[in-house]
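In what follows, a structure is listed as structure tokens, so that the remarks can point back to it.
The values are calculated or read from the model by the stated rules, or taken from the named source; none is laboratory data. All of these numbers come straight from a predicted model, not from anything done at the bench. All accessible areas refer to the heavy atoms of the entire protein, side chains included, with ligands and DNA or RNA removed. Shrake-Rupley method; radii C 1.70, N 1.55, O 1.52, S 1.80 Å.
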Amino acid sequence: MAPSAPRTRAAAALRIKQIALDNQSRTIRRLRAQLASERRGLATMKKELEDTQVALEASHKVIAGLTEIGLSMSKKIEKMKVKKQLAKENHVECHQKFQARIHEAEDSMQAQHLIIEALVDEKDSLLQTIQGLQEANNAPAPFDGDWEEEPEEEPEEEEIEEIPLGKGEIDDE
């Protein structure tokens, strides 16, 4: 038994080392499989990240475009507000000028009316003075208060003188 014991021990030690090596090989294969799986997961995540980045850049471009459109629209709206305000101010100014002209015309008409009333009063006063003088002189009244209008004369038509046609002239009649 003695000679087989060291062999058995050496075989057992060798067997233990073989088992340990087999265990390490399985562990290495399992770790390599996990590593490959992790690498595939990282590659997928990297692809998703790149896709997300592309989508994010496109989104930023769209936002920038919309912002530019919004700013352009804001500028146009401001210009339209300014134009509207200027038109309103112009309308108010025109309205005020028109009202001033109306007031001027009303004042002028009122002044003309007062002048007409004064002239009528003066006419009546002159007629009374004339009548008083005529009664004092026993003369007939030249005015009886009513105006007689003279009938309008119609202008006479001029006769067209006939001129004899010469040679080569065309008669349109």
Q: State yes or no: is ILE160 among the aliphatic types (A, V, I, L, M) and modelled with pLDDT of 95 or more?
A: no
Q.
Looking only at residues that are part of a helix (DSSP H, G or I) and open to solvent by 100 Å² or more (accessible area, probe 1.4 Å) in region 128-146, which one is modelled with the highest pLDDT?
A. GLN128
Q: Of the conditions (1) open to solvent by less than 80 Å² (accessible area, probe 1.4 Å); (2) at pLDDT 95 or above, SER125 clears all except one; give me its number.
A: (2)
